[in-house]
1. Can you list residues whose amide H is under 5 Å from Tyr216's amide H, if they're 5+ apart or on another chain and H is modeled 1.01 Å from N?
2. By a straight-distance test (C-alpha under 22 Å), which lysines pair with Lys239 as possible cross-link partners, with residues fewer than eight away in the same chain excluded?
3. In whole Å, how far is the Cα centre of segment 80-117 from that of segment 195-260?
4. On average, how much accessible surface per residue is there in segment 213-264, in Å², for a 1.4 Å probe, leaving out ligands, DNA and RNA?
5. Pick out which of Gly107, Gly157, Gly236 has the largest mean-square fluctuation in a Gaussian network model of the chain, springs linking Cα atoms closer than 10 Å.
6. Compute the Rg to Rh ratio over the chain from the alpha carbon atoms, using the Kirkwood formula for Rh, and round to two decimal places.
7. What number comes out for accessible area per residue over segment 27-93 if the probe is 1.4 Å? Units Å², please.
8. Can you tell which of Gly142, Gln214, Gly254 lies farthest toward the positive end of the dipole of the chain, using +1 and -1 charges on the Cβ of basic and acidic side chains (Lys, Arg; Asp, Glu)?
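The values are calculated or read from the model by the stated rules, or taken from the named source; none is laboratory data. All values reported here derive from a predicted model rather than from experimental measurement. Using ideal geometry, Cβ is built from the backbone for each residue, glycine included, and neighbour counts are taken over all protein chains shown. Heads up: the accessible areas ignore ligands, DNA and RNA and are worked out on the full protein's heavy atoms, side chains in. Shrake-Rupley method; radii C 1.70, N 1.55, O 1.52, S 1.80 Å.
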Amino acid sequence: AAPVTKTYTARAAGVKNSVGARLLRLMDTKRTNLSVAADVTTAAELLRLAAAVGPHIAVLKTHADTVSDWTDDTATALRLLADEHDFLLFEDRKFADIGNTVVAQAGGGLHKIVNWADIINAHAVPGPGILSGLRVAVESAGRSVGVLVLAQMSSAGNLATALPGYTPAAVAMAVTEPDLVFGFIAMEGGLGGEACVSMTPGVKMGGGGDALGQQYATPDRVVGTAGSDVIIVGRGIYKADDPAAAAKEYREAGWAAYERRCRG
Ligand code: 6AU
């Protein structure tokens, strides 16, 4: 399908999940479609990175379970930075279990994810019960949280991409709960229609890959050609000598591709 040419803001009105609508408006207001994958291993590094890239990003994506000294204070400090710089927090826990188990994983444990994250994500493999479970966790936290369903992955040989029928089935599951699910982790845009947001990992200037199956595409390819809405960049930014400068570069590349796309 041809890439969606409507602006993020024009699409926001059709998005039933409030976090998804907020993300679309925030991107146009702040002029950024960049999410930084903050894959660092200590709370100090995480907060330092969040403060450095904060002015340039729409979303900070975390892996709380890779932070060796995570405490409730880490979440509180991240929330303060998110509010100061106006970005959303996405905990990339990739829930993948039965409903009853994800209620406890999302709401409890060490990380109490739904108490601080704006966005969480889930694999479609378990079936719709995973979304019912996440809904229970979100409702008992009493906060607005949006869910992304993994419809495709960036890694070589991933089954979501390799098995015909997987992606359409994941999309069909997601769109039945539009007040909870606002989009996808995917390698392209347009899945689920204009009211869904696609966020794409595996983004690096120059493309290429790593030794463990990651496959990279450029911001221009992801947003322009593939029509995705948000670029997720990890090592391209946090491994750079100057992460803030690298974030600015990715932000500009992602934004230029979006503006070209809107011109049709
Ligand atoms: O830019 P990188 O390769 O350093 O980091 C990519 C980030 C990592 C992965 O855990 C995540 O994106 N990711 C995901 C997500 C966001 O769900 C899915 C996927 O298919 N590939 C992928 O890399 O934090």
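1. For Tyr216, whose amide H was placed from the backbone, the distant partners under 5 Å are Gly208, Gly209.
2. By straight Cα distance, Lys239 reaches Lys61, Lys204, Lys248.
3. When both Cα centres are located, 23 Å separates them.
4. Working: 2300 Å² over 52 residues.
Computed with neighbouring chains in place, this is 44 Å² per residue.
5. In this elastic network of the chain, the residue with the biggest mean-square fluctuation among Gly107, Gly157, Gly236 is Gly157.
6. Details: Rg = 16.8 Å, Rh = 18.1 Å.
Checking Rg against Rh, the ratio lands at 0.93.
7. Accessible area per residue, segment 27-93: 37 Å².
8. Gly254
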